[in-house]
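Structure, as structure tokens:
Derivation of every value follows stated rules applied to the coordinates shown; laboratory data play no part. Being a predicted model, the structure only gives us computed values, none of them experimental. Counting neighbours? That spans all protein chains shown, and the Cβs are built from the backbone with ideal geometry, glycine included.
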């Protein structure tokens, strides 16, 4: 009897010991699940605590730079008309009625479409009013150029978005001819500028100031510079009309004035009016194109057969101008009647480039 009681006591002690050694969460499997217990192993004195995996701290990647590219194309004097509006055989006005508007600049349509703005100097009046009269000019020879407003399609078909009216032919037919021209351009969606209308061209928040102006005498550059200084823009361009006609070397007063424009804050200075090319100058790291020459010139079929296209490329990154390059494309003034074309002959091309670099006195290959 005593032996049986002893065995019972021993069994109870063993069961109690086993029960104490079993974790509580094992004994309660049927209860609501719990997150369990994280057990940290004991650490020997002086030993480092083992690393515990955890989520890495989140860091925002640096933002992508905001880049804006701007391309502008500049060409010279475009006379899309005939003297006194004539339509005789061989005249620009008669040809314009016989061909599609795209004919005249079709060699450049792709180039002009592939930019933000193409800029030209428009040296004629657009009017359909037969009563307009020529204004008096106190010099000879003198010419008065006009054509119908339908000739604005020559510009729009070729993607010429901007024209300058700051020249000596915009008022050939007085205030009525001038207002008709502006209205025709507005109707066609062509932007125009003149001495009184400085243009601000904007893309993605970046502003290009383009001042289309005349520059006929020394000292007028101070007025031009003052006008530019009054506007807030990321880049400033002067596109002027002035200087002696049909000479390949810029007048000394004109060249000095162009440099003073750079000194006063212009980023680029481009000239026209001489009807021929003049060299390109780099002054204090800035470009001066002394004369672009003619481009689509309805006034004559016997002008010097060389011209150019000037291209400007700007890159703005996060609000700063980070790149500025340019390109010169030598061209023939005439390939077919009144139709400019890009020069493909390497000798003719290099002759133009050598002249623009100031290495020769003529853009025509000897």
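Just grab the label-to-label distance for residue 196 and residue 106, each label 7 Å out from Cα along the Cβ direction, in nm (one decimal).
4.0
Among bridges DSSP assigns within region 67-356, what percent are antiparallel (round to 5)?
On the way: 36 of 67 bridges.
Just about 55 percent of them are antiparallel.
Taking 7 Å along the Cα-to-C-beta vector as the label spot, tell me the residue 246-residue 323 distance in nanometres, rounded to one decimal.
Label-label distance for residue 246 and residue 323, simple model: 4.4 nm.
Viscosity 1.567 mPa s, temperature 4 °C: what is the translational diffusion coefficient of region 67-356 from Stokes-Einstein with a Kirkwood Rh over Cα pairs, rounded to a whole number of µm²/s? Write out the running numbers ahead of the final one.
Numbers: Rh = 19.1 Å.
Translational D for this selection: 68 µm²/s.
Using a basic spin-label model with each label point 7 Å from the Cα along Cα→Cβ, how many nm lie between residue 171 and residue 139?
According to this spin-label approximation, the distance is 1.5 nm.
Determine the equivalent ellipsoid of region 66-213 by diagonalising the alpha-carbon gyration tensor, then write out the semi-axes as square roots of 5 times the eigenvalues, largest first, rounded to whole Å. Spell out each step's value before the answer.
Numbers: eigenvalues 153, 70, 29 Å².
That gives 28, 19, 12 Å for the three semi-axes.
Using 0.36 nm per residue of separation minus the Cα-Cα distance, give me the extension gain between residue 71 and residue 342 in nm, one decimal.
Details: separation 271, 0.36 × 271 = 97.56 nm, distance 1.88 nm.
Extending this stretch completely gives an extra 95.7 nm.
Shape verdict for region 187-345, please, from the Cα gyration tensor: rounded (a/c under 1.5), prolate (a/b greater than b/c) or oblate.
On the way: a/c = 1.63, a/b = 1.35, b/c = 1.21.
Since a/c reaches 1.5 and a/b is larger than b/c, the shape of region 187-345 is classed as prolate.
Order by neighbour count: 216, 103, fewest other Cβ atoms within 10 Å first, most last.
Values: 216 12, 103 18.
With the fewest neighbours first, 216, 103 line up as 216, 103.
Mind sorting 155, 321, 199 by how few other Cβ atoms lie within 10 Å of their own Cβ, fewest first? Walk me through the numbers on the way to the answer.
Numbers: 155 27, 321 14, 199 21.
Listing 155, 321, 199 from fewest to most nearby Cβ atoms yields 321, 199, 155.
Can you give the extra length, in nm with one decimal, that the chain gains between residue 203 and residue 315 once fully stretched, where that is 0.36 nm per residue apart less the Cα-Cα distance? Walk me through the numbers on the way to the answer.
Details: separation 112, 0.36 × 112 = 40.32 nm, distance 1.16 nm.
Here the segment from residue 203 to residue 315 would lengthen by 39.2 nm.
For a Förster distance of 35 Å, can you work out the FRET efficiency between the beta-carbons of residue 231 and residue 88, rounded to the nearest 0.05? Don't skip to the answer; put the middle values down first.
Numbers: r = 45 Å, r/R0 = 1.28.
Efficiency, from the Cβ-Cβ distance: 0.20.
Once you sort the root eigenvalues of the Cα gyration tensor of region 178-240 as a ≥ b ≥ c, which label holds: rounded (a/c under 1.5), prolate (a/b larger than b/c) or oblate (the other case)? Please list the in-between numbers first.
Working: a/c = 2.95, a/b = 1.15, b/c = 2.55.
Oblate, since a/c reaches 1.5 and b/c is not below a/b.
Given axes a ≥ b ≥ c from the Cα gyration tensor, I'd like to know whether region 139-270 is rounded (a/c under 1.5), prolate (a/b larger than b/c) or oblate. Intermediate values should be presented prior to the final figure.
Details: a/c = 2.07, a/b = 1.17, b/c = 1.77.
Note, shape of region 139-270 comes out oblate.
Quick one: go through region 236-257 and flag any residue whose amide nitrogen is under 11 Å from the point 7 Å out along the Cα-to-Cβ line of residue 264.
Residues 257 fall inside that zone.
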